[in-house]
Amino acid sequence: MNLKITAGPFTFHAKLETDKAPKTCEAFLKQMPFSGKIVHVRWSGEDVWIPLGDHQFGVNYENHTSHPAPGHIILYPGGISETEILIAYGGVDFSSKMGQLAGNHFITITSKLDQPRAGRRMRAQCSSGRQSGITSPAGIFSDRT
């Protein structure tokens, strides 16, 4: 399934990784259309995240990684830290103040990978690369085009 992702003023096209993370994709589709607030990370590198608190998707690890590539979107199903969705735009070593984490790679951005301005713009708004409460609206929708 093709998706459209909005992050502030930016729009990206993406695809669900149904062959690699079928349970995560199925659980996420039940939440569509999905919206939240993105915040630049504190610990992990060049990525933004959508904090989801104690929201449960009911999935375990599949196709999980601690080092998503630029354009990869992962779901951390919770446990050591809160549930979250992470969108990588550069080098990432996924972790929290509790230590190393891994998330399920379930979406891959397929457009504008050469223009990671969205993440860099968010980073510029955050002092010293640290989370400072700066947020931007984000949404993930089915792309029927």
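Observations, loosely collected:
- Residue in the stretch 24-31 that is surrounded by 20 or more Cβ atoms within 10 Å (Cβ to Cβ), more than 26 Å from Gln100 (Cβ to Cβ) and either touching an Asp or Glu at 6+ places or on another chain (Cβ under 9 Å) or among the hydrophobic types (A, V, I, L, M, F, W, C) (or both) present: no
- Search result, residues across the stretch 82-92 that are without any contact (Cβ under 8 Å) to a residue 40 or more places away in the chain and crowded, with 16+ Cβ neighbours inside 10 Å: Thr83, Glu84
- Filter pass, Val59 being of a type in the set (Val, Ile, Thr) and modelled with pLDDT of 95 or more: yes
- Single match in Trp49, Trp43 (criterion: under 11 Å from the mean Cα position of the chain (by Cα) and more than 19 Å from Lys112 (Cβ to Cβ)): Trp49
- Entirely in the stretch 82-145, the strands (runs of 3 or more DSSP E) that have 3 or more residues that are at pLDDT 55 or above and under 14 Å from Ala69 (Cα atoms): 84-92, 103-109
- Among the criteria (1) in a strand (DSSP E or B); (2) farther than 17 Å from Thr108 by Cβ, the one Ile73 does not fulfil is (2).
- Selection from the stretch 1-14 of residues that are assigned to a loop (DSSP other than H, G, I, E, B) and aliphatic (A, V, I, L, M): Met1
- Only one entry in Thr11, Thr65, Thr18, Thr6 is modelled with pLDDT of 95 or more and either surrounded by 15 or more Cβ atoms within 10 Å (Cβ to Cβ) or out of contact with any helix residue (DSSP H, G or I) (no Cβ under 7 Å at 6 or more places or on another chain) (or both), namely Thr65.
- Close pairs (7 angstrom Cβ cut-off, 6 or more residues apart or separate chains): over 15 Å from Val92 (Cα atoms) in the stretch 39-55, outside any loop (DSSP other than H, G, I, E, B) and among the charged types (D, E, K, R) anywhere: Ile50/Lys37; Ile50/Glu84; Pro51/Glu84; Leu52/Glu84
- In the stretch 15-26, the residue that is farthest from Leu75 (Cα to Cα) out of those that are of a type in the set (D, E, K, R) and part of a loop (DSSP other than H, G, I, E, B) is Asp19.
- Restricting attention to the stretch 27-56 and to residues that are in a loop (DSSP other than H, G, I, E, B) and within 18 Å of Lys4 (Cα to Cα), the residue that is modelled with the highest pLDDT turns out to be Lys30.
The values are calculated or read from the model by the stated rules, or taken from the named source; none is laboratory data. In this text the structure is predicted, and so the values were computed from the model without any measurement. Backbone-built Cβ (ideal geometry, glycine too); neighbour counts: all protein chains shown.
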